[in-house]
Amino acid sequence: MHPIVHEVTERIRSRSRASRAAYLARVDQAAAELRAEGPARGRLACANLAHGFAAAEEDKPALRAAVRPGVAIVTSYNDMLSAHQPYETYPPELKQAVRAAGGVAQVAGGVPAMCDGVTQGRAGMELSLYSRDLIAMSTAVALSHDMFDAALLLGVCDKIVPGLFIGALRFGHLPAMFVPAGPMTSGLPNKVKARARQRFAEGRIARDEMLDAEAKSYHSPGTCTFYGTANSNQLLIEVMGLHLPGATFVNPRTELRQALTQAAGRRIVELTAHGGEYTPIGHVVDERAIVNAVVALLASGGSTNHTMHLVAMAAAAGIELTWDDMADLSKVVPSVARMYPNGQADVNHFQAAGGMPVFIGTLLDAGLLWEDVLTVAGRGLRSYLSVPELKDQEVVWTERNGASGDLDVLRPASDPFSPDGGIHMISGNLGRAVSKVSAVKPEHLVIEAPAKVFDDQRDLLGAFERGELDGRDFVAVVRYQGPSANGMPELHKLTPPLAVLLDRGQQVAIVTDGRMSGASGKVPAAIHLSPEAADGGALALLRDGDPIRLDSVAGTLDVLTDLSGRTPAGSPPPADKWAGTGRELFAAFRRTVGPAERGASIFGGF
């Protein structure tokens, strides 16, 4: 192992010793009961069990007999998310596959799945981050019936996968597997779409032309093809061993996709306490799996949202991951993949270049990933160097031999795009933040300019439209956007206008306690700033004209003036303004949510 990867892993293990031991004690006690007493539903009283199979049809005898292992299907299906629409047909396919393998499956529950693409810049985006923890709770509700011996988790996007992950870990004695749906085929190139957005922001094209470009980009069922949070989710879940090998980036509505779905249904039965290869998720997700996920995030230039999600996900398994751990790993993990916004390729091009087997293989060979881990495919991450193929309508795995098929998209760790990870941790007298540097031109990585302060993203957009930002260098400070202020919305709507100014030769950057989308990256940014303005952070003390220096290379963020004696300016929206679109129902989340650096979670420590 690379010495820094080893050192960070041991540091996490030592720091987490007490909480991890307490977590595993609960898992192992529940596991012992499960293994000793047969399928879980057999422990239910007659009335409880009768309720559990009352609506079943052909599976009613199997459910009543309580001999076959029971599998919960927890689904995030809806028609609005292109990535989740394929899940409409998954439950009957999975039930059939589980049945054929000697188990019995039921849809245990659904979880909410909002689309950040629809809610960008809208009030609904202020519910987005909170929805992760709501999804975790919904997953727990689905699994709380004590009917199940394993779980199949149907989710792809943004907060959905982390939420399902956290919820499943509360039932760590159960085997759990994610069943992906795959990306849509490539449409309008992402660079062309981004250029259209900038032209629209400048008023150079009409709404119909802009809508046509967007429709050609987002055109069919499947995940959006850029490498944002959704596809980062998928890549990380496979590296953590919770997908079948090679399942991540196979397109929907293909024979291979259907065969992989059916294979997941068969495999989960084998992983139950009564199937011969008992593999509880609480043991799959250990310190090594978490470090593997961080390494994969950095090496692929993945979404900055995971600097929060991974902290919260690790905590659900009793593991304390910090931004310092990520910072140390970022210094030694090379960037080996380029997908938009970090390059011109999309995830389909990444798949064609060799995809996950080549990506995982080069990181393993460089000693950057832990190989001896537990996965849903068995012991050892090298099984993920195999490629799924169809043979006689069944999926088989063959080892992939060979290097990347496109060195502009996927490179070996020995010859990377850059020697360090695409995400840098930033600190200074304004606090701690995250900066995604992989998509930023080198000449824009350091900026020193006067602050232009906004308390609402709409004010910045209005200033741009009125021409007030033209011809000047500035650092846009967008504050009161943190978890406890207004739910920490993504501020992706700010990327096109700021990119316009950048292309005009102005020096611009953004500093915020909010988030930027996984698709953002061209504009230099320090995001997730902690402590946030609403919790006493220095952002609240800034005024227009204060000189700010952001150095994403050195990892520093400072205001170059004395703030002592100042009182906070601005404020988060008051309760009567934080209403509509259901936001008032989440007031309790605002009061209890933790800081970004601790995962922006309402759960605190587990």
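The values are calculated or read from the model by the stated rules, or taken from the named source; none is laboratory data. Treat the numbers as computed from the prediction; the structure is a model and nothing was measured. FYI the Cβ positions are ideal-geometry reconstructions off the backbone, even for glycines, and counts take in every protein chain you see. Calculation scope for accessible area: heavy atoms of the full protein, side chains included, ligands and nucleic acids excluded. Shrake-Rupley method; radii C 1.70, N 1.55, O 1.52, S 1.80 Å.
Which of the numbered conditions does residue 66 fail, given that it passes all the others? Conditions: (1) over 26 Å from residue 282 (Cα atoms); (2) in contact with a Lys or Arg (Cβ under 7 Å, 6 or more places away or on another chain); (3) at pLDDT below 95; (4) surrounded by fewer than 22 Cβ atoms within 10 Å (Cβ to Cβ).
(1)
In this structure, does residue 478 turn out to be under 22 Å from residue 563 (Cα atoms) and either open to solvent by 10 Å² or more (accessible area, probe 1.4 Å) or out of contact with any Asp or Glu (no Cβ under 7 Å at 6 or more places or on another chain) (or both)? Steps first, answer last, please.
Working: under 22 Å from residue 563 (Cα atoms): yes; either open to solvent by 10 Å² or more (accessible area, probe 1.4 Å) or out of contact with any Asp or Glu (no Cβ under 7 Å at 6 or more places or on another chain) (or both): yes.
Taking the combined requirement at face value, the residue satisfies it.
Yes or no: residue 470 surrounded by fewer than 24 Cβ atoms within 10 Å (Cβ to Cβ) and in contact with a Ser or Thr (Cβ under 7 Å, 6 or more places away or on another chain)? Before the answer, list the steps.
Working: surrounded by fewer than 24 Cβ atoms within 10 Å (Cβ to Cβ): yes; in contact with a Ser or Thr (Cβ under 7 Å, 6 or more places away or on another chain): no.
For residue 470, the condition - surrounded by fewer than 24 Cβ atoms within 10 Å (Cβ to Cβ) and in contact with a Ser or Thr (Cβ under 7 Å, 6 or more places away or on another chain) - is not met.
Would you mind telling me which numbered condition in (1) open to solvent by 30 Å² or more (accessible area, probe 1.4 Å); (2) under 25 Å from residue 489 (Cβ atoms); (3) among the β-branched types (Val, Ile, Thr) residue 446 fails?
Condition not satisfied by residue 446: (2).
Within the range 422-443, how many residues turn out to be open to solvent by 50 Å² or more (accessible area, probe 1.4 Å) and in contact with a Phe, Trp or Tyr (Cβ under 8 Å, 6 or more places away or on another chain)?
The qualifying residues number 1.
Pairs please, first residue from the range 215-230 and on the phi < 0 side of the Ramachandran plot, second anywhere and among the basic types (Lys, Arg) and surrounded by fewer than 21 Cβ atoms within 10 Å (Cβ to Cβ), Cβ atoms under 6 Å, 6+ apart in sequence or on different chains.
Correct list of pairs: 217/193.
When the range 13-63 is examined, which residues are found to be among the charged types (D, E, K, R), more than 20 Å from residue 274 (Cα to Cα), assigned to a helix (DSSP H, G or I) and open to solvent by 90 Å² or more (accessible area, probe 1.4 Å)?
The one that is among the charged types (D, E, K, R), more than 20 Å from residue 274 (Cα to Cα), assigned to a helix (DSSP H, G or I) and open to solvent by 90 Å² or more (accessible area, probe 1.4 Å): 17.
Between residues in the range 446-465 that are farther than 16 Å from residue 479 by Cβ and residues that are open to solvent by less than 10 Å² (accessible area, probe 1.4 Å) and part of a loop (DSSP other than H, G, I, E, B), which pairs lie under 9 Å by C-beta distance while being six or more apart or on different chains?
446/524; 446/552; 447/524; 447/552
I'd like to verify a number: residues in the range 192-221 that are small (Gly, Ala, Ser) and touching a helix residue (DSSP H, G or I) at 6+ places or on another chain (Cβ under 7 Å), how many? Don't jump to the end; show me each part of the working.
From the range 192-221, those small (Gly, Ala, Ser) are 194, 196, 201, 203, 206, 213, 215, 217, 220; that's our starting set.
Among the residues that remain, those that are also touching a helix residue (DSSP H, G or I) at 6+ places or on another chain (Cβ under 7 Å) are: 196, 201, 213, 217.
Within the range 192-221, residues that are small (Gly, Ala, Ser) and touching a helix residue (DSSP H, G or I) at 6+ places or on another chain (Cβ under 7 Å) number 4.
Rundown of residues vs (1) assigned to a loop (DSSP other than H, G, I, E, B); (2) open to solvent by 40 Å² or more (accessible area, probe 1.4 Å); (3) touching a residue at least 12 places away in the same chain (Cβ under 8 Å), yes/no style:
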| site | (1), (2), (3) |
| --- | --- |
| 564 | yes, yes, no |
| 567 | yes, yes, yes |
| 578 | yes, no, yes |
| 585 | no, yes, no |
| 603 | yes, yes, yes |
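Go over the candidates 494, 501 one by one and state the one that is open to solvent by less than 20 Å² (accessible area, probe 1.4 Å) and under 23 Å from residue 117 (Cβ atoms). First the steps, then the outcome.
Working: 501 fails: under 23 Å from residue 117 (Cβ atoms).
Of the residues listed, the single one that is open to solvent by less than 20 Å² (accessible area, probe 1.4 Å) and under 23 Å from residue 117 (Cβ atoms) is 494.
Applying the selection to the range 360-390, what residues are touching a residue at least 60 places away in the same chain (Cβ under 8 Å), open to solvent by less than 20 Å² (accessible area, probe 1.4 Å), in a helix (DSSP H, G or I) and not aliphatic (A, V, I, L, M)?
384
Restricting attention to the range 81-97, and to residues there that are closer than 19 Å to residue 151 by Cα and of a type in the set (A, V, I, L, M), which single residue is surrounded by the fewest Cβ atoms within 10 Å (Cβ to Cβ)?
Filtering the range 81-97 for residues that are closer than 19 Å to residue 151 by Cα and of a type in the set (A, V, I, L, M), the one surrounded by the fewest Cβ atoms within 10 Å (Cβ to Cβ) comes out as 97.
Can you name the residue in the range 505-540 that is part of a helix (DSSP H, G or I) and touching a helix residue (DSSP H, G or I) at 6+ places or on another chain (Cβ under 9 Å) and is also surrounded by the fewest Cβ atoms within 10 Å (Cβ to Cβ) among such residues? Spell out the reasoning first.
Here is the first cut: in the range 505-540, the residues part of a helix (DSSP H, G or I) are 533-535, 538-540.
Narrowing the set further to residues that are touching a helix residue (DSSP H, G or I) at 6+ places or on another chain (Cβ under 9 Å) leaves 533-535, 539-540.
On the way: 533: 30, 534: 23, 535: 16, 539: 30, 540: 24.
Applying the filter and picking the extreme gives 535.
Could you tell me whether residue 161 is at pLDDT 95 or above, over 16 Å from residue 105 (Cα atoms) and touching a His at 6+ places or on another chain (Cβ under 7 Å)?
Numbers: at pLDDT 95 or above: yes; over 16 Å from residue 105 (Cα atoms): yes; touching a His at 6+ places or on another chain (Cβ under 7 Å): no.
No, not satisfied.
Looking at (1) surrounded by fewer than 24 Cβ atoms within 10 Å (Cβ to Cβ); (2) at negative phi, can you tell me which one residue 139 breaks?
Condition not satisfied by residue 139: (1).
Check whether at least one residue in the range 71-80 is open to solvent by 10 Å² or more (accessible area, probe 1.4 Å), touching a Gly at 6+ places or on another chain (Cβ under 8 Å), in a helix (DSSP H, G or I) and closer than 16 Å to residue 257 by Cβ, and report yes or no.
Applying the first criterion (open to solvent by 10 Å² or more (accessible area, probe 1.4 Å)) to the range 71-80 yields 75, 77-80.
Restricting the remaining residues to those that are touching a Gly at 6+ places or on another chain (Cβ under 8 Å) gives 75, 77.
This time we only want the ones that are in a helix (DSSP H, G or I), so: none.
Taking every residue of the range 71-80 in turn, none turns out to be open to solvent by 10 Å² or more (accessible area, probe 1.4 Å), touching a Gly at 6+ places or on another chain (Cβ under 8 Å), in a helix (DSSP H, G or I) and closer than 16 Å to residue 257 by Cβ.
Each row is one residue, and each column tells you yes or no for (1) in a helix (DSSP H, G or I); (2) open to solvent by 10 Å² or more (accessible area, probe 1.4 Å); (3) out of contact with any Lys or Arg (no Cβ under 7 Å at 6 or more places or on another chain).
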site	(1), (2), (3)
213	yes, yes, no
232	yes, no, yes
242	no, no, yes
250	no, yes, no
267	yes, yes, yes
283	yes, yes, yes
288	yes, yes, yes
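Checking residue 238 against (1) over 15 Å from residue 388 (Cα atoms); (2) touching a Ser or Thr at 6+ places or on another chain (Cβ under 6 Å); (3) not in a loop (DSSP other than H, G, I, E, B): exactly one of these is not met. Which one?
(1)
Determine the pairs where a residue that is farther than 15 Å from residue 274 by Cβ, located within the range 93-108, has a partner that is of a type in the set (Lys, Arg) and assigned to a helix (DSSP H, G or I) with Cβ atoms under 6 Å apart, the partner being 6 or more residues away or on another chain.
Taking only residues 6 or more apart or on different chains, the pairs are 97/266.
Just name the residue that is farthest from residue 296 (Cα to Cα) out of those in the range 2-26 that are of a type outside the set (D, E, K, R) and without any contact (Cβ under 8 Å) to a residue 12 or more places away in the chain. Break it down into steps so the answer makes sense when it comes.
As a first pass, look at the range 2-26 and keep what is of a type outside the set (D, E, K, R): 2-6, 8-9, 12, 14, 16, 18-19, 21-25.
From the residues that got through so far, the ones that are without any contact (Cβ under 8 Å) to a residue 12 or more places away in the chain too are 3, 6, 14, 18, 25.
Working: 3: 17, 6: 15, 14: 22, 18: 27, 25: 29 Å.
Across the range 2-26, the extreme among qualifying residues is 25.
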